[in-house]
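Student: Got a structure here, written out as structure tokens. Questions coming.
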Amino acid sequence: MAAQPVSVLITGSNRGLGLEMVRRMVEGTFTVGKLFACCREPEEPGAEALQALAKLHPDVIVVLRLDVTKPCSIKHCAQQVGSVVGTGGLNLLINNASMLVKATLQETSTEDMLNSFSTNVIGPMNVIKEFLPHLRAAVKASGMPGMSSRKAAVVNISSFLGSMETVQQSYSLFPAVSYRVSKAGLNMLTLCAKEELQKDEILFSLMHPGWVRTEMGGAEGEVDAPENVQSMISMLASLTEEQNGAFLTYYDSTIPW
Ligand code: NDP
């Protein structure tokens, strides 16, 4: 039997891994019904590639404005999504948008830390809170037992740089203190959400996408976005309660906390 189409929302989808996820989801085997591709400035040149992709898949891709640091932007976006999905709800929410400041502890300013927290921790927190009614609606509409990414799930894109257990090996290679601290915060946020919303049957996972050649990953990254995203999408499509609260890698393994 063919899989039921799912509704998906991706933040920061105008470039990098977010854009590649949108491309792979609509061109691959994920069976997406509606894909809400969110970005800060949908009408600006930075979103041209996304808009071009949306034109090719007008029945699936819905481009929406969303700045994760602005509560009213999140609220408005959630209303727009609600008016499309209705009682069917939102099956999969991917908190991908993020910012990175490359600075050691001694170089990191208060502003760097506040901005990193605002985008990488408070943003995902407010997005989760605002979209909860749509995730709960998806649980109700699914009628399926257990947890899965085809029912209702939140995947927060984290990084191995947020892993406390591996700091000793990785710090000197890539200090980025505000980024590391904020991704560790995102990891804790995800575990708290998992505990609190287990009873609602909403799955929460973290995913490290690998070191990818994007604006954030830089030219020395290990791989191009399409390679990793293909693997990420297969994993995203098959998440069940076994991965609830897991810190996953794109290649089907886990990262130490
Ligand atoms: P990019 O820097 O290429 O893209 C970041 C995206 O986030 C852009 O679309 C950007 O939009 C968006 N964004 C930033 N701030 C906001 C905001 N306030 N509201 C909405 N969108 C925002 O990063 P990647 O694609 O490489 O990274 C994607 C995810 O993967 C991130 O969570 C990152 O931490 C994680 N990651 C990436 C790695 C890598 O090697 N690339 C390694 C480990 C983790 P805009 O164009 O408007 O700035």
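The values are calculated or read from the model by the stated rules, or taken from the named source; none is laboratory data. From a predicted model like this one, the values you see are computed outputs, not experimental measurements. So basically every Cβ, Gly included, is an ideal-geometry build from the backbone, and we count neighbours across all protein chains shown. With ligands, DNA and RNA removed, areas are computed over all heavy atoms of the protein, side chains included. Shrake-Rupley method; radii C 1.70, N 1.55, O 1.52, S 1.80 Å.
Student: Name the helices (runs of 4 or more DSSP H) wholly inside the range 144-257 in which the number of residues that are under 21 Å from Leu90 (Cβ atoms) is 3 or more.
Tutor: 177-197, 225-237
Student: Can you find a residue in the range 115-127 that is under 24 Å from Met235 (Cα atoms), open to solvent by 30 Å² or more (accessible area, probe 1.4 Å) and part of a helix (DSSP H, G or I)?
Tutor: Yes, there is a match, as at least one residue in the range 115-127 is under 24 Å from Met235 (Cα atoms), open to solvent by 30 Å² or more (accessible area, probe 1.4 Å) and part of a helix (DSSP H, G or I).
Student: While we're on this one: I'm trying to understand the selection: among the residues of the range 19-32, which are within 16 Å of the ligand (Cβ to nearest atom) and open to solvent by 10 Å² or more (accessible area, probe 1.4 Å)?
Tutor: Passing the criteria: Leu19, Glu20, Arg23, Arg24.
Student: Report yes if some residue within the range 135-149 is over 25 Å from Val32 (Cα atoms) and basic (Lys, Arg); otherwise report no.
Tutor: The answer is no; no qualifying residue exists.
Student: Tell me, which residue of the range 145-156 that is open to solvent by less than 10 Å² (accessible area, probe 1.4 Å) and not charged (D, E, K, R) is farthest from the ligand (Cβ to nearest atom)?
Tutor: Looking at the filtered set, the residue picked out is Ala152.
Student: Scanning the range 1-18 for residues that are without any contact (Cβ under 8 Å) to a residue 60 or more places away in the chain and either open to solvent by 80 Å² or more (accessible area, probe 1.4 Å) or farther than 18 Å from Ala138 by Cα (or both), which turns out nearest to the ligand (Cβ to nearest atom)?
Tutor: Asn14
For (1) more than 13 Å from the ligand (Cβ to nearest atom); (2) under 23 Å from Gly88 (Cβ atoms); (3) open to solvent by less than 60 Å² (accessible area, probe 1.4 Å), each residue gets a yes or a no:
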| site | (1), (2), (3) |
| --- | --- |
| Leu35 | yes, yes, yes |
| Cys39 | no, no, yes |
| Glu43 | no, no, no |
| Leu50 | no, no, yes |
| Ala54 | yes, yes, yes |
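Student: Then there is this: Which residues, counting only those in the range 56-109, are open to solvent by 20 Å² or more (accessible area, probe 1.4 Å), assigned to a loop (DSSP other than H, G, I, E, B) and among the aliphatic types (A, V, I, L, M)?
Tutor: Val60, Ala97, Met99, Leu100, Val101, Leu105
Student: Across the range 173-215, what is the total count of residues that are crowded, with 18+ Cβ neighbours inside 10 Å, charged (D, E, K, R) and farther than 13 Å from Leu100 by Cβ?
Tutor: Matching residues across the range 173-215 total 2.
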